Amino acid sequence: MNMKKIVATFLLASAVAGTAQAEVVLIVNASNPTNANTEDIKRIMLGRLNQFPADGIAVPMLRSTRWAQWGECTQKFIGKSPSDVERNWATRVFSGQVEPPKVILTDAEAVQAVSLNPNAITCVSADAVKGNNAVRIVAR
């Protein structure tokens, strides 16, 4: 194999690997006993439901629009685009119905925030919670 083919193969493999993204999951604190269903999760993440089915306050934490997988998360768990989710929260906050949710940039910050708050729920890359006993996945 000549050098041009080796370089081209390496660049192609790097490009493919760079576009692969980890699965997104929804996490809660490990002590949270919730067994929320899909509709409950959607309502919690939109600020329309403020309690988990297991009778605990729900604190949704949104991810920054700079997080590459935020769009995948909103479509998968909320059924809306990121702009629809932001518009929903802006309307609810402006009308005085809810306080604005915390917005988190990185997976590490999200996992730490949920591990410190037994009522928190947010979306992260599945790889971010591997080996972490302080949080648990509630939806894939």
Within the range 1-47, how many residues turn out to be modelled with pLDDT under 65 and either among the β-branched types (Val, Ile, Thr) or not in a loop (DSSP other than H, G, I, E, B) (or both)? 17
Checking the conditions here, which among 65, 122 is touching a Lys or Arg at 6+ places or on another chain (Cβ under 7 Å) and of a type in the set (Ser, Thr, Tyr)? 122
Is there a residue in the range 104-112 that is at pLDDT 95 or above and loosely packed, with under 14 Cβ neighbours inside 10 Å? yes
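The values are calculated or read from the model by the stated rules, or taken from the named source; none is laboratory data. Nothing here was measured: the structure is a model prediction, and the numbers come from that model. When we count neighbours, we look across all protein chains shown, and the Cβ atoms used for this are built from the backbone with ideal geometry, even at glycine.
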